[in-house]
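Okay, structure first, notes after.
The values are calculated or read from the model by the stated rules, or taken from the named source; none is laboratory data. Quick caveat: nothing in here was measured; it's all calculated off a predicted structure. Neighbour counts are summed over all protein chains in view; Cβ atoms, including those assigned to glycine, are modelled from backbone coordinates with ideal geometry. The protein model used for the area step is the full one, side chains on, heavy atoms only, and it has no ligands, DNA or RNA in it. Shrake-Rupley method; radii C 1.70, N 1.55, O 1.52, S 1.80 Å.
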Amino acid sequence: MSDRTTPIPAIIDCDTGVDDALALLFAVRHPGLDLRAVTCVAGNTDVDGVVRNTLTVLEQAGAPDIPVARGAERPLLEPARSAQHVHGQDGMGNLGLPVPARAPADVDAVTLLRREILASPRPVTLIPTAPLTNIALLLRTHPEVTRNIERIVFMGGAVATGNATPVAEFNVWHDPEAAAVMLTAGVPVTMYGLDVFMKVVVPGQEVRRLRTSSEPGTRLAGELLARLPFTDAAGDDDPAGGLGDAGAVCAVADPAGITTQLLPVEVCLSPGPARGQTLVDRRMNSREYEPGVRAAERALVDVAMHVDVERYVDLYLKTVESGAECRSTF
Ligand code: BDR
Ligand code: CA
């Protein structure tokens, strides 16, 4: 999809967030991506914390000019429920990062999304790595944007096991109605769900190398990876770290690294233990069993079923470690 002369115009909608920060560091350093804006939504932490973290990460990455806008401070229906137990009080693993030097854009997230999507000379790829509240508000407020959206590659959902609940993944669970709006908007959607998200882990020795880098963005990537360990060894000097949301950005830069299946996907909106579950229909010929409107209404989504772990770990390390020189030397 990308070639060396025409980077993919992309916008990340995030809730930075340790692994959202990993995604931003990758996106600004990959020469096949043209990150045109970043929009923020409540999720891992409150939206003001998300804005602060996002601005800081972009500054550390040497990309202080990308516009950043504040979005929804709570889901469409429910109160915000942060994931500070995973991402720390500051949403950034309590790393004690500096406060950013600049302020966000003076427009809200939906306005910035609309502006950047319609201004792009080529259709934009949206990469939500957070609850889908901003995206749903955008699609309902300015449906004309769909004409210049290439596709949406979102981190969220799960074919198998959830994390926020036994069956629901955090981003979809946090705002199920918003996820349903996005899935049924008529835009091609790729679901980078927990099934692949959990698999892409950077080995401890590579994390240690990043942490000792003299380049601030690379060093930050190492510190963030060490905050999302995938080992049980408490006190381990060399914790491995999952790429998390950054895997969804890898899937845009290098789509051949995932294997997808086009499947009907529906979000469970009912109250109760299944709320927020993505029901991915893997039955053969399921429509034979559910004829009529309901089956036809379910969105067909490209669901990531497998990921080439080594390929994405290599891609991530190569991209982030290429640092500030990335765009000219990759
Ligand atoms: C998702 O939830 C958040 O905690 C992560 O940043 C990721 O986007 C995983 O369920
Ligand atoms: Ca996230």
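Quick notes on this structure:
- Considering the conditions (1) over 21 Å from G222 (Cβ atoms); (2) assigned to a helix (DSSP H, G or I); (3) open to solvent by less than 30 Å² (accessible area, probe 1.4 Å), H85 is excluded by exactly one of them, (3).
- Residue selected from the range 165-177 under the condition among the hydrophobic types (A, V, I, L, M, F, W, C) and within 12 Å of ligand 2 (Cβ to nearest atom), by the criterion surrounded by the most Cβ atoms within 10 Å (Cβ to Cβ): V172
- Top-ranked residue of the range 23-58 - restricted to ones that are part of a loop (DSSP other than H, G, I, E, B) and polar (S, T, N, Q), ranked as farthest from ligand 2 (Cβ to nearest atom): T45
- A10 open to solvent by less than 10 Å² (accessible area, probe 1.4 Å) and either under 18 Å from E116 (Cβ atoms) or more than 16 Å from ligand 1 (Cβ to nearest atom) (or both): yes
- Identification of helices (runs of 4 or more DSSP H) wholly contained in the range 126-210 with 3 or more residues that are away from ligand 1 (no atom under 16 Å from the Cβ) yields 133-141, 176-183.
- Extreme residue, nearest to ligand 1 (Cβ to nearest atom), among residues of the range 113-125 that are part of a helix (DSSP H, G or I) and of a type in the set (D, E, K, R): E116
- Single condition T212 does not satisfy, out of (1) free of Cβ contacts under 8 Å to residues at least 24 places away in the same chain; (2) surrounded by 20 or more Cβ atoms within 10 Å (Cβ to Cβ); (3) among the β-branched types (V, I, T): (2)
- Of all residues in the range 178-201, those that are surrounded by 24 or more Cβ atoms within 10 Å (Cβ to Cβ) and of a type outside the set (A, V, I, L, M, F, W, C) total 2.
- Neighbours by Cβ (under 9 Å, 6+ apart or cross-chain): first from the range 10-28, without any contact (Cβ under 8 Å) to a residue 40 or more places away in the chain; second in a strand (DSSP E or B) and near ligand 1 (Cβ under 9 Å from one of its atoms): L24/C14
- Selection within the range 286-325: residues that are among the hydroxyl-bearing types (S, T, Y) and farther than 17 Å from G257 by Cα. The member of this set that is modelled with the lowest pLDDT is Y289.
- Residue match in the range 233-250 (condition: open to solvent by 20 Å² or more (accessible area, probe 1.4 Å) and not in a loop (DSSP other than H, G, I, E, B)): no
- Any hit, the range 93-112, residues being within 16 Å of ligand 1 (Cβ to nearest atom) and surrounded by 24 or more Cβ atoms within 10 Å (Cβ to Cβ): no
- When residues in the range 269-287 are screened for being open to solvent by less than 30 Å² (accessible area, probe 1.4 Å) and under 21 Å from the mean Cα position of the chain (by Cα), 3 of them pass.
- Residue within the range 51-59 that is among the β-branched types (V, I, T), open to solvent by less than 10 Å² (accessible area, probe 1.4 Å) and within 12 Å of ligand 1 (Cβ to nearest atom) present: no
- With respect to (1) in contact with a strand residue (DSSP E or B) (Cβ under 6 Å, 6 or more places away or on another chain); (2) basic (K, R); (3) farther than 18 Å from L113 by Cβ, the lone exception for R29 is condition (1).
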